[in-house]
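The values are calculated or read from the model by the stated rules, or taken from the named source; none is laboratory data. Note that this is a predicted model, so its numbers are computed, not measured. Heads up, the Cβs are rebuilt from the backbone with ideal geometry, glycines too, and the neighbour counts pull from every protein chain shown. For accessibility, only protein heavy atoms count, side chains too; no ligands or nucleic acids. Shrake-Rupley method; radii C 1.70, N 1.55, O 1.52, S 1.80 Å.
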Amino acid sequence: RAKSAGGNRFELADPESDARAITRHGLTTALPTALDRGEFFIEYQPLVHLGDGSVRGAEALVRWLHPQHGVLSPDRFIPLAEHTGLIVPLGRWVLEQSVLQARAWRDLHGGAEALGPLRINVNLSPCQLTHPGLVQDTVEILERTGMSPDALCLEVTESALIGADDDLLKPLRRLAEMGVDIALDDFGTGYSNLANLRRLPVSVLKLDRSFTQSMQRFPADPVDLKIVEGIVSLAHSLDLAVTVEGVETGAQAEQLRVLGCDTAQGWYYARPGPRTASTTWPWSTRRASPFQGRPRPGVR
Ligand code: C2E
Ligand code: MG
Ligand code: MG
Ligand code: MG
(Lines give C-alpha, C1' and ligand atoms only; values in the text may rest on other atoms or scores of the structure.)
(Ligands and ions follow the chains in the order given, each with its own letter.)
Protein backbone atom coordinates (compact mmCIF):
# COMPACT_ATOMS: atom_id res chain seq x y z
CA ARG A 1 0.00 0.00 0.00
CA ALA A 2 1.50 3.25 -1.10
CA LYS A 3 -0.12 6.47 -0.14
CA SER A 4 0.49 9.60 -2.06
CA ALA A 5 2.09 12.27 0.05
CA GLY A 6 1.48 14.98 -2.46
CA GLY A 7 3.47 15.96 -5.50
CA ASN A 8 5.72 13.23 -6.78
CA ARG A 9 6.55 11.90 -3.34
CA PHE A 10 5.32 8.57 -2.18
CA GLU A 11 5.44 7.20 1.30
CA LEU A 12 5.43 3.45 1.61
CA ALA A 13 3.69 2.05 4.62
CA ASP A 14 5.86 -0.73 6.01
CA PRO A 15 3.65 -3.23 7.82
CA GLU A 16 6.68 -4.97 9.25
CA SER A 17 8.09 -1.88 10.88
CA ASP A 18 4.57 -0.99 12.11
CA ALA A 19 4.35 -4.39 13.77
CA ARG A 20 7.77 -3.90 15.27
CA ALA A 21 6.79 -0.50 16.62
CA ILE A 22 3.67 -1.99 18.22
CA THR A 23 5.68 -4.82 19.77
CA ARG A 24 8.29 -2.37 20.98
CA HIS A 25 5.61 -0.32 22.62
CA GLY A 26 4.18 -3.41 24.30
CA LEU A 27 7.61 -4.50 25.50
CA THR A 28 8.36 -1.08 26.92
CA THR A 29 5.11 -1.22 28.89
CA ALA A 30 5.76 -4.74 30.21
CA LEU A 31 9.43 -4.21 30.98
CA PRO A 32 9.33 -2.30 34.29
CA THR A 33 7.51 -5.12 36.09
CA ALA A 34 9.15 -8.06 34.28
CA LEU A 35 11.94 -8.25 36.84
CA ASP A 36 9.46 -8.51 39.73
CA ARG A 37 7.52 -11.14 37.82
CA GLY A 38 10.68 -13.23 37.49
CA GLU A 39 10.61 -13.28 33.69
CA PHE A 40 14.36 -12.90 33.14
CA PHE A 41 16.79 -15.77 33.13
CA ILE A 42 20.45 -16.19 32.34
CA GLU A 43 22.23 -18.47 29.91
CA TYR A 44 25.92 -19.23 30.25
CA GLN A 45 28.45 -19.86 27.52
CA PRO A 46 31.91 -21.26 28.27
CA LEU A 47 35.18 -19.47 27.55
CA VAL A 48 37.80 -21.92 26.35
CA HIS A 49 41.57 -21.59 26.40
CA LEU A 50 42.80 -21.96 22.80
CA GLY A 51 46.12 -23.46 23.82
CA ASP A 52 44.98 -26.41 25.90
CA GLY A 53 41.20 -26.50 25.38
CA SER A 54 40.39 -26.04 29.08
CA VAL A 55 37.30 -24.12 30.14
CA ARG A 56 38.35 -20.92 31.87
CA GLY A 57 34.98 -19.48 32.71
CA ALA A 58 31.64 -18.50 31.26
CA GLU A 59 29.83 -15.42 30.03
CA ALA A 60 26.40 -14.65 31.46
CA LEU A 61 23.84 -13.67 28.79
CA VAL A 62 20.43 -12.48 29.92
CA ARG A 63 17.12 -13.48 28.26
CA TRP A 64 13.54 -12.42 28.82
CA LEU A 65 10.87 -15.11 28.85
CA HIS A 66 7.96 -12.97 27.75
CA PRO A 67 4.51 -14.47 28.43
CA GLN A 68 3.30 -13.71 24.88
CA HIS A 69 6.41 -13.45 22.74
CA GLY A 70 8.46 -16.29 24.20
CA VAL A 71 12.21 -16.00 24.76
CA LEU A 72 13.54 -12.59 23.69
CA SER A 73 17.21 -11.95 23.01
CA PRO A 74 18.96 -9.09 24.81
CA ASP A 75 19.23 -7.10 21.59
CA ARG A 76 15.42 -6.79 21.71
CA PHE A 77 15.13 -5.45 25.25
CA ILE A 78 18.47 -4.14 26.56
CA PRO A 79 18.11 -0.87 24.58
CA LEU A 80 14.60 -0.48 26.04
CA ALA A 81 15.88 -1.26 29.53
CA GLU A 82 18.55 1.40 29.07
CA HIS A 83 15.95 3.86 27.90
CA THR A 84 13.56 3.21 30.81
CA GLY A 85 16.26 2.94 33.48
CA LEU A 86 15.40 -0.67 34.30
CA ILE A 87 18.92 -1.59 33.21
CA VAL A 88 20.31 -0.61 36.64
CA PRO A 89 18.23 -3.07 38.74
CA LEU A 90 18.31 -5.62 35.89
CA GLY A 91 22.09 -5.36 35.58
CA ARG A 92 22.47 -5.73 39.34
CA TRP A 93 20.25 -8.81 39.26
CA VAL A 94 22.29 -10.37 36.44
CA LEU A 95 25.51 -9.68 38.35
CA GLU A 96 24.16 -11.19 41.55
CA GLN A 97 22.73 -14.29 39.86
CA SER A 98 25.93 -14.87 37.90
CA VAL A 99 28.20 -14.59 40.91
CA LEU A 100 25.85 -16.88 42.87
CA GLN A 101 26.02 -19.38 40.01
CA ALA A 102 29.82 -19.22 39.96
CA ARG A 103 29.81 -19.83 43.70
CA ALA A 104 27.48 -22.82 43.30
CA TRP A 105 29.71 -24.34 40.62
CA ARG A 106 32.74 -23.80 42.81
CA ASP A 107 31.08 -25.47 45.80
CA LEU A 108 29.92 -28.43 43.73
CA HIS A 109 33.45 -28.95 42.51
CA GLY A 110 35.20 -28.93 45.83
CA GLY A 111 36.41 -25.38 46.08
CA ALA A 112 38.52 -22.90 44.20
CA GLU A 113 41.51 -25.20 43.62
CA ALA A 114 39.49 -27.89 41.89
CA LEU A 115 38.02 -25.51 39.35
CA GLY A 116 41.20 -23.58 38.70
CA PRO A 117 41.04 -20.02 37.46
CA LEU A 118 37.32 -20.09 36.71
CA ARG A 119 35.81 -16.73 35.97
CA ILE A 120 32.34 -15.42 35.37
CA ASN A 121 31.95 -12.68 32.73
CA VAL A 122 29.08 -10.21 33.09
CA ASN A 123 28.12 -7.51 30.57
CA LEU A 124 27.79 -3.93 31.80
CA SER A 125 25.73 -1.31 30.04
CA PRO A 126 27.10 2.25 29.80
CA CYS A 127 24.15 3.35 32.00
CA GLN A 128 25.48 1.16 34.81
CA LEU A 129 28.88 2.83 34.52
CA THR A 130 27.41 6.23 35.26
CA HIS A 131 25.25 4.90 38.10
CA PRO A 132 26.85 5.79 41.45
CA GLY A 133 26.06 2.43 43.09
CA LEU A 134 28.12 0.26 40.75
CA VAL A 135 31.26 -0.22 42.84
CA GLN A 136 29.38 -0.61 46.12
CA ASP A 137 26.87 -3.08 44.66
CA THR A 138 29.68 -5.16 43.17
CA VAL A 139 31.66 -5.22 46.42
CA GLU A 140 28.52 -6.12 48.35
CA ILE A 141 27.64 -9.01 46.02
CA LEU A 142 31.19 -10.40 46.11
CA GLU A 143 31.33 -10.19 49.91
CA ARG A 144 27.93 -11.74 50.41
CA THR A 145 28.70 -14.66 48.11
CA GLY A 146 32.23 -15.09 49.41
CA MET A 147 33.69 -14.84 45.91
CA SER A 148 37.00 -13.21 45.25
CA PRO A 149 37.09 -10.19 42.89
CA ASP A 150 39.40 -12.03 40.51
CA ALA A 151 36.62 -14.54 39.83
CA LEU A 152 34.71 -11.73 38.11
CA CYS A 153 35.21 -10.12 34.72
CA LEU A 154 33.04 -7.18 33.69
CA GLU A 155 32.58 -6.62 29.96
CA VAL A 156 32.16 -3.10 28.65
CA THR A 157 31.85 -2.39 24.94
CA GLU A 158 34.53 -0.46 23.16
CA SER A 159 31.94 2.06 21.97
CA ALA A 160 30.86 2.76 25.57
CA LEU A 161 34.39 3.85 26.40
CA ILE A 162 35.20 5.86 23.29
CA GLY A 163 36.03 9.33 24.45
CA ALA A 164 35.35 8.33 28.06
CA ASP A 165 36.46 10.98 30.51
CA ASP A 166 38.02 10.31 33.89
CA ASP A 167 34.69 10.42 35.72
CA LEU A 168 33.40 7.54 33.64
CA LEU A 169 36.59 5.55 34.10
CA LYS A 170 36.81 6.08 37.86
CA PRO A 171 34.46 3.24 38.90
CA LEU A 172 36.17 0.88 36.46
CA ARG A 173 39.56 1.82 37.87
CA ARG A 174 38.33 1.15 41.40
CA LEU A 175 37.04 -2.25 40.38
CA ALA A 176 40.24 -3.08 38.51
CA GLU A 177 42.32 -2.13 41.55
CA MET A 178 40.25 -4.53 43.64
CA GLY A 179 41.16 -7.31 41.22
CA VAL A 180 38.06 -7.42 39.03
CA ASP A 181 39.00 -7.96 35.38
CA ILE A 182 37.62 -5.51 32.86
CA ALA A 183 37.17 -6.68 29.26
CA LEU A 184 36.70 -4.44 26.25
CA ASP A 185 33.81 -6.12 24.41
CA ASP A 186 33.18 -6.08 20.64
CA PHE A 187 36.67 -4.73 20.12
CA GLY A 188 37.48 -3.61 16.61
CA THR A 189 34.03 -2.33 15.70
CA GLY A 190 34.38 1.11 17.20
CA TYR A 191 36.87 3.65 16.07
CA SER A 192 38.87 3.99 19.21
CA ASN A 193 42.37 5.27 19.07
CA LEU A 194 44.60 2.29 19.81
CA ALA A 195 46.93 4.45 21.86
CA ASN A 196 43.89 5.20 24.03
CA LEU A 197 44.00 1.61 25.26
CA ARG A 198 46.80 2.47 27.67
CA ARG A 199 44.48 4.84 29.49
CA LEU A 200 41.75 2.28 30.04
CA PRO A 201 41.76 -0.03 33.08
CA VAL A 202 41.16 -3.10 30.91
CA SER A 203 42.95 -6.43 31.04
CA VAL A 204 41.14 -8.30 28.26
CA LEU A 205 40.26 -7.46 24.66
CA LYS A 206 37.29 -9.32 23.24
CA LEU A 207 37.74 -9.32 19.52
CA ASP A 208 34.46 -8.80 17.74
CA ARG A 209 32.72 -11.67 15.96
CA SER A 210 33.24 -9.97 12.57
CA PHE A 211 36.94 -10.89 12.69
CA THR A 212 36.12 -14.50 13.52
CA GLN A 213 33.68 -14.57 10.62
CA SER A 214 36.33 -13.49 8.17
CA MET A 215 38.46 -16.48 9.30
CA GLN A 216 35.67 -18.68 7.99
CA ARG A 217 36.42 -17.88 4.37
CA PHE A 218 39.25 -19.87 2.89
CA PRO A 219 41.72 -18.49 2.27
CA ALA A 220 40.95 -15.84 4.87
CA ASP A 221 41.30 -12.23 3.76
CA PRO A 222 45.04 -11.55 4.19
CA VAL A 223 44.31 -8.02 5.39
CA ASP A 224 42.02 -9.35 8.15
CA LEU A 225 44.74 -11.81 9.16
CA LYS A 226 47.23 -8.97 9.40
CA ILE A 227 44.79 -6.84 11.42
CA VAL A 228 44.14 -9.63 13.93
CA GLU A 229 47.86 -10.36 14.15
CA GLY A 230 48.52 -6.68 14.79
CA ILE A 231 45.82 -6.37 17.44
CA VAL A 232 47.07 -9.49 19.22
CA SER A 233 50.67 -8.30 19.30
CA LEU A 234 49.66 -4.83 20.47
CA ALA A 235 47.39 -6.35 23.14
CA HIS A 236 50.09 -8.69 24.40
CA SER A 237 52.66 -5.91 24.50
CA LEU A 238 50.22 -3.99 26.74
CA ASP A 239 49.73 -7.12 28.90
CA LEU A 240 46.17 -7.66 27.74
CA ALA A 241 44.69 -11.07 27.03
CA VAL A 242 42.78 -11.59 23.79
CA THR A 243 39.45 -13.43 23.69
CA VAL A 244 37.62 -14.10 20.43
CA GLU A 245 33.86 -14.37 20.12
CA GLY A 246 31.69 -16.24 17.64
CA VAL A 247 33.94 -19.24 16.96
CA GLU A 248 31.72 -21.65 15.04
CA THR A 249 34.21 -24.07 13.47
CA GLY A 250 37.39 -25.89 14.40
CA ALA A 251 39.15 -24.24 11.46
CA GLN A 252 38.41 -20.78 12.88
CA ALA A 253 39.62 -21.87 16.31
CA GLU A 254 42.86 -23.18 14.84
CA GLN A 255 43.45 -20.06 12.76
CA LEU A 256 42.86 -17.80 15.77
CA ARG A 257 45.08 -19.95 17.96
CA VAL A 258 47.88 -19.67 15.40
CA LEU A 259 47.39 -15.89 15.34
CA GLY A 260 48.04 -15.86 19.08
CA CYS A 261 44.57 -15.35 20.56
CA ASP A 262 44.28 -16.66 24.12
CA THR A 263 40.67 -17.65 24.73
CA ALA A 264 37.65 -18.34 22.56
CA GLN A 265 33.92 -18.47 22.87
CA GLY A 266 31.36 -19.72 20.38
CA TRP A 267 28.97 -22.36 19.15
CA TYR A 268 31.87 -24.63 18.18
CA TYR A 269 32.42 -25.23 21.88
CA ALA A 270 28.91 -24.73 23.23
CA ARG A 271 25.87 -22.58 22.67
CA PRO A 272 24.72 -20.46 25.59
CA GLY A 273 22.52 -22.61 27.79
CA PRO A 274 20.47 -22.24 30.95
CA ARG A 275 22.21 -23.67 33.99
CA THR A 276 21.06 -23.81 37.53
CA ALA A 277 22.75 -24.24 40.84
CA SER A 278 21.60 -27.83 40.87
CA THR A 279 23.61 -28.73 37.80
CA THR A 280 27.28 -29.51 38.04
CA TRP A 281 29.87 -27.45 36.18
CA PRO A 282 28.31 -28.05 32.84
CA TRP A 283 31.26 -28.20 30.48
CA SER A 284 34.08 -30.63 29.99
CA THR A 285 37.11 -28.97 31.50
CA ARG A 286 39.50 -30.22 28.87
CA ARG A 287 39.52 -30.42 25.11
CA ALA A 288 43.02 -31.18 23.99
CA SER A 289 42.85 -29.43 20.64
CA PRO A 290 40.17 -27.48 18.83
CA PHE A 291 40.35 -30.12 16.12
CA GLN A 292 39.63 -33.04 18.42
CA GLY A 293 36.05 -34.16 18.37
CA ARG A 294 32.84 -32.25 18.13
CA PRO A 295 31.11 -30.49 21.02
CA ARG A 296 30.10 -32.98 23.68
CA PRO A 297 26.61 -34.39 23.32
CA GLY A 298 24.25 -32.78 25.79
CA VAL A 299 26.03 -29.46 25.60
CA ARG A 300 23.77 -27.30 23.56
P1 C2E B 1 28.09 -9.90 23.54
O2 C2E B 1 28.43 -9.56 24.93
O3 C2E B 1 29.08 -9.56 22.48
O4 C2E B 1 27.76 -11.45 23.57
C5 C2E B 1 28.07 -12.36 22.56
C6 C2E B 1 26.86 -12.67 21.70
O7 C2E B 1 27.26 -13.58 20.68
C8 C2E B 1 25.74 -13.37 22.45
O9 C2E B 1 24.52 -12.94 21.86
C10 C2E B 1 26.00 -14.84 22.13
O11 C2E B 1 24.84 -15.65 22.26
C12 C2E B 1 26.42 -14.73 20.70
N13 C2E B 1 27.25 -15.88 20.28
C14 C2E B 1 28.04 -16.66 21.03
N15 C2E B 1 28.69 -17.57 20.29
C16 C2E B 1 28.31 -17.37 19.01
C17 C2E B 1 28.65 -18.00 17.75
O18 C2E B 1 29.45 -18.92 17.67
N19 C2E B 1 28.05 -17.50 16.63
C20 C2E B 1 27.16 -16.47 16.68
N21 C2E B 1 26.62 -16.06 15.53
N22 C2E B 1 26.82 -15.85 17.84
C23 C2E B 1 27.39 -16.28 18.99
P24 C2E B 1 23.26 -12.60 22.77
O25 C2E B 1 23.17 -13.59 23.89
O26 C2E B 1 22.08 -12.44 21.86
O27 C2E B 1 23.64 -11.20 23.39
C28 C2E B 1 23.74 -10.06 22.58
C29 C2E B 1 24.32 -8.91 23.33
O30 C2E B 1 23.45 -8.47 24.36
C31 C2E B 1 25.63 -9.22 24.05
O32 C2E B 1 26.69 -9.21 23.12
C33 C2E B 1 25.69 -8.13 25.08
O34 C2E B 1 26.23 -6.96 24.53
C35 C2E B 1 24.22 -7.90 25.39
N36 C2E B 1 23.90 -8.52 26.69
C37 C2E B 1 23.66 -9.82 26.98
N38 C2E B 1 23.42 -9.99 28.30
C39 C2E B 1 23.52 -8.75 28.87
C40 C2E B 1 23.42 -8.25 30.21
O41 C2E B 1 23.18 -8.97 31.19
N42 C2E B 1 23.57 -6.89 30.39
C43 C2E B 1 23.86 -6.07 29.34
N44 C2E B 1 24.02 -4.75 29.59
N45 C2E B 1 24.00 -6.50 28.08
C46 C2E B 1 23.83 -7.83 27.83
MG1 MG C 1 29.88 -9.67 26.19
MG1 MG D 1 31.09 -9.35 22.62
MG1 MG E 1 29.44 -8.98 20.14
What whole-number value in Å² describes the accessible area per residue of the range 185-257 for a 1.4 Å probe?
50 Å²
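Counting only protein heavy atoms and a 1.4 Å probe, tell me what percentage of the range 32-137's accessible area is made up of carbon and sulfur.
Working: 2460 of 4600 Å².
On the range 32-137, the fraction of accessible area on carbon and sulfur atoms equals 54 percent.
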What does the net charge come to around VAL258 if you take all other residues with beta carbon closer than 14 Å to its beta carbon, with K and R at +1 and D and E at -1?
-2
